[in-house]
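**Student:** Before anything else, here's the structure in question.
The values are calculated or read from the model by the stated rules, or taken from the named source; none is laboratory data. It should be emphasised that the depicted structure is a prediction, and the values quoted were computed from it without experimental measurement. Cβ coordinates were reconstructed from backbone atoms using ideal geometry, including for glycine residues, and neighbour counts include every protein chain displayed.
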2 protein chains.
Amino acid sequence: MSDELDQTISTRLREADQRYTSGRRALVAALTAAGRPLTAAEVVGAGGLAQSSAYRNLAVLETCGVVLRVAGTDEFARFELAEDLTDHHHHHLICTGCGRVTDFTVSDDLERSLESAMDTVASSTGFAPDHHRLDLLGRCATCRTTGDGSEDRS
Amino acid sequence: MSDELDQTISTRLREADQRYTSGRRALVAALTAAGRPLTAAEVVGAGGLAQSSAYRNLAVLETCGVVLRVAGTDEFARFELAEDLTDHHHHHLICTGCGRVTDFTVSDDLERSLESAMDTVASSTGFAPDHHRLDLLGRCATCRTTGDGSEDRS
DNA sequence: ATTTATGCAAATCGTTTGCAAACCT
DNA sequence: AGGTTTGCAAACGATTTGCATAAAT
């Protein structure tokens, strides 16, 4: 992870009266290195901090807008760095076999269409859209060849 | 709910060696009447059956392709009738205040673009998309006027 | 020195499961 | 009767929390 990213995060935490501790740095490093949303278990494994600390820090980072919670299809919550930190607006490929979540992007045209759909909803209902979520559900290459969904959350 | 719908569901259950019991009928009726995804608690409240039976029947109906599990942003699972039973392809408005999920539709043009994005992913990666999920996250009219997210899952 | 973060173990809570009674065919 | 579904209460498991210690400022 770049020093610049670290600086931005540090500032964002300080603005919320939070410290950028070594544990939180480890956690951010794990998410950065992964390049895909990680489960709490994966974060714990990679970051080397206690489970409770991982959850607590993820909550802090989420509140400060550093980390985002990602909804998959299984029972595990997943976490990734906020998009405005990575400058990489993306969507998710969700494997219905193993639950793994990976990133993908769509054309600017499609993004614009999505934005316009949001505007339409905003003006035709009382709902005030904030952001959108576009996921593709299917089977990843591994689960397709392996036959079925035997997990590997390591 | 229409007799035709009941017929279809009955058939679909029978094909999986499952019965269309009164409890399951009540559950389907509750989902039909609601017209939006319901939490397990809401289903229990409306269907008048025990919690464990509700969960068990929802699982059976999900396996048989009658009911679909919907991911929101809160800790509650939500359920709705499968789209091919309602002939109503739709997406979800998810309120980040109260968690409530409602339906909305987009233009056929946008749907086609989404389909084409799926095809692109399919051919450029090993991932085999099955369906897509487009959600708009924001605040519902009630939560916007009420100020903030005080729950009402009744 | 005082406040905040950590790790452990216990608690929480939506969901799942074992089991005996009620139900359907 | 034979197999399935139901409701109750107990079990489960991911996540959260209480509390005493360690770290940061």
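**Student:** Would you tally the residues in region B:115-143 being assigned to a loop (DSSP other than H, G, I, E, B) and more than 7 Å from every other protein chain (Cβ to nearest Cβ)?
**Tutor:** Of the residues in that region, 1 qualify.
**Student:** Specify which of the listed residues (B:T102, B:T32, B:T21) is touching a helix residue (DSSP H, G or I) at 6+ places or on another chain (Cβ under 9 Å) and more than 16 Å from DNA strand C (Cβ to nearest atom).
**Tutor:** B:T32
**Student:** Could you go through region B:92-114 and let me know if any residue there is facing another protein chain (nearest Cβ under 9 Å), part of a loop (DSSP other than H, G, I, E, B) and away from DNA strand D (no atom under 16 Å from the Cβ).
**Tutor:** Yes, region B:92-114 contains at least one residue that is facing another protein chain (nearest Cβ under 9 Å), part of a loop (DSSP other than H, G, I, E, B) and away from DNA strand D (no atom under 16 Å from the Cβ).
**Student:** Limited to region A:11-23, what total is found for residues that are crowded, with 16+ Cβ neighbours inside 10 Å and among the hydroxyl-bearing types (S, T, Y)?
**Tutor:** Residues that pass the stated criteria total 1.
**Student:** Given the criterion over 17 Å from A:P37 (Cα atoms), basic (K, R) and exposed (fewer than 15 other Cβ atoms within 10 Å of the Cβ), identify the matching residue among A:R144, A:R112.
**Tutor:** Of A:R144, A:R112, the one residue that is over 17 Å from A:P37 (Cα atoms), basic (K, R) and exposed (fewer than 15 other Cβ atoms within 10 Å of the Cβ) is A:R112.
**Student:** Out of region B:24-38, which residues are surrounded by fewer than 21 Cβ atoms within 10 Å (Cβ to Cβ), without any contact (Cβ under 8 Å) to a residue 60 or more places away in the chain and not aliphatic (A, V, I, L, M)?
**Tutor:** Of the residues in region B:24-38, the ones surrounded by fewer than 21 Cβ atoms within 10 Å (Cβ to Cβ) are B:25-26, B:29, B:32-36.
Checking the rest, the ones that are also without any contact (Cβ under 8 Å) to a residue 60 or more places away in the chain come to B:25-26, B:29, B:32-34.
Selection gives B:R25, B:T32.
**Student:** Looking only at region A:2-51, how many residues end up being part of a loop (DSSP other than H, G, I, E, B) and among the small types (G, A, S)?
**Tutor:** 5
**Student:** Which of the following residues is in contact (Cβ under 8 Å) with a residue 12 or more places away in the chain, more than 22 Å from A:S2 (Cα to Cα) and surrounded by 15 or more Cβ atoms within 10 Å (Cβ to Cβ): A:L93, A:L85, A:L68, A:L61?
**Tutor:** Result: A:L93 is the single residue among A:L93, A:L85, A:L68, A:L61 that is in contact (Cβ under 8 Å) with a residue 12 or more places away in the chain, more than 22 Å from A:S2 (Cα to Cα) and surrounded by 15 or more Cβ atoms within 10 Å (Cβ to Cβ).
**Student:** Let me ask you something else. Of B:A41, B:A54, which residue is at pLDDT 95 or above, more than 12 Å from the chain's Cα centre (by Cα) and surrounded by fewer than 18 Cβ atoms within 10 Å (Cβ to Cβ)?
**Tutor:** Of the residues listed, the single one that is at pLDDT 95 or above, more than 12 Å from the chain's Cα centre (by Cα) and surrounded by fewer than 18 Cβ atoms within 10 Å (Cβ to Cβ) is B:A41.
**Student:** If we scan region A:64-80, do we find a residue that is over 25 Å from B:L134 (Cα atoms) and either part of a strand (DSSP E or B) or at pLDDT 95 or above (or both)?
**Tutor:** Yes.
**Student:** Return the pair list, or none, for Cβ contacts closer than 9 Å from residues in region B:7-22 that are away from chain A (no Cβ under 14 Å) to residues that are away from DNA strand D (no atom under 12 Å from the Cβ) and among the aromatic types (F, W, Y), at least 6 apart or on different chains.
**Tutor:** Matching pairs, first to second residue: none at all.
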